[in-house]
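The values are calculated or read from the model by the stated rules, or taken from the named source; none is laboratory data. Quick caveat: nothing in here was measured; it's all calculated off a predicted structure. Methodologically, a virtual Cβ is constructed for each residue, glycine included, from the backbone with ideal geometry; neighbour enumeration extends over all protein chains shown. Ligands, DNA and RNA are excluded from the accessible area calculation, which covers all protein heavy atoms including side chains. Shrake-Rupley method; radii C 1.70, N 1.55, O 1.52, S 1.80 Å.
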Amino acid sequence: MLDYREFDWKLIGAVLALSLIGILLILSAQYHADSDYLRSYYERQALWLSLAVMLFAVIVHLPLRLFDFSAYLLYVVALILLVLVLFFGSTKMGALRWFSFGPINLAPSDIAKLALVFALARFFAYTKLGVKSKRRLALSGLMTLIPVMLILKQPDLGTSLVFFIILFVLWFWSGLSPWYLLLIISPLVSLIAAFHWLPWALYIVLLLVFLAIIRPGPVFSIAIMVFNLAFGAVTPFFWGRLADYQKMRILTFLDPGRDPRGAGYQIIQSKIAIGSGGVWGKGYLHGSQARLDFLPERHTDFIFSVLGEELGLWGTILVLVLFGFIFFRSIRIAARCRNRFASYMVMGAVAILFFQFLVNIGLTLGFMPVTGLPLPFVSYGGTSLMLSWVLIALIVNAGYHWQDY
């Protein structure tokens, strides 16, 4: 029998507060919508929250060994779902990302995020390979790359990045040096820098100096240089393979003013909304950007803009503090857990929540390209809300059993 007094109620309370704030913001975002269907979004979000809390209550009662033993099975099931959605999924905005069951849409990519956390947590918890073992890095990288390739076929570049963040965070948590992590991701930097020969040449020189300083070994150094040169050489091919909307998102991120009435419209209106809120905001339900329909996707991708406009600086600080508190408590639980699988699982959950939080707020401020990643607990969306509460349930469960081996 569980002793409910030992649950991390402060963490649970912070998550519940964010979820309730999200419902209020969704109500405000669609308050002046033309149809009853749009105005009732907050009611559906409240229903999803009720279901998410019930699912939370179930998961905190499940033994962690159940997730440990079934980790690879769940991973295989997630891969099967990612394959099936390419053939039987519903097409929305040019992407095959969802299974539609009437009014309910299920995104297999969200299930795959959770499955990858379990699979990598089990792998790192039980592998006998050394931290810097190339086989260890290759196997964990392959486990991540398989679902990423399937998600890129949908296509969904933003979601695919979450999987790499999970891998990098667990690499670091398992003891891999931050310097090695920088070298591993360096080919991506080369890919970006190679859009012009001058920054790419400077980057290659700096990379050579960095390798000479840390001396990771001749084989590793040569491999890093080969990969960096190769990634730089394929930049034109990579750019050609991107979908038109993905190219426009990148170009608009670099210069929103290049298409102020088209692709840059969202970022410009988001900045106007947040900036016009000032310190105290315009008041709840009184945001002009939402009322006049200037701000697109205001109940999902740009829900933080609604917050900034209506509640101002103090409202955004409140939400940021709640998120910061959640991340602090979660990382502390990961550090306390004696069970290695539980510790890795918690850090994988934190990686998902933190990356989506960082990217979503970054895109509303114009610091990140528009990716479609929701703000956890706050943005409208049943699958996203359920996933976020499942992650918190796993964290709370691990925190309760932190002394178990």
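The share of Cα pairs per 10 Å bin across segment 309-405, counted from zero up to the longest distance, runs 16, 42, 30, 11, 1 percent. Compactness of segment 111-212 is given as radius of gyration and Dmax, 15.4, 45 Å, from Cα positions. When the alpha carbon gyration tensor of the chain is reduced to an equivalent ellipsoid, the three semi-axes, largest first, read 33, 29, 20 Å. Between the beta carbons of residue 328 and residue 86, assuming R0 = 35 Å, the FRET efficiency works out to 0.35 to the nearest 0.05.
Here's how it looks for residue 300: its modeled amide H is under 5 Å from those of 380, which are all 5 or more places away or on a different chain.
Could you give the Stokes-Einstein D for segment 1-92 in µm² per second, using the C-alpha Kirkwood radius, 10 °C, 1.306 mPa s? Answer, rounded: 94 µm²/s.
Each of 40, 331, 2 was scored by the projection of its Cα onto the charge dipole of the chain, and the greatest displacement toward the positive side belongs to 331; charges sit on the C-beta of Lys, Arg, Asp and Glu. With one equal scatterer per alpha carbon and no solvent term, the Debye-computed log10 I(q)/I(0) for segment 1-47 at 0.13, 0.30 1/Å reads -0.43, -1.00. Take residue 157: with every protein chain present and a 1.4 Å probe, its accessible area is about 60 Å².
Leaving ligands, DNA and RNA out of it, report the carbon-plus-sulfur percent of the accessible area of the chain at a 1.4 Å probe. Its accessible area is 72 percent carbon and sulfur atoms. Relative contact order for the chain: 25 percent, from Cα pairs under 8 Å spaced at least 6 residues apart, divided by residue count.
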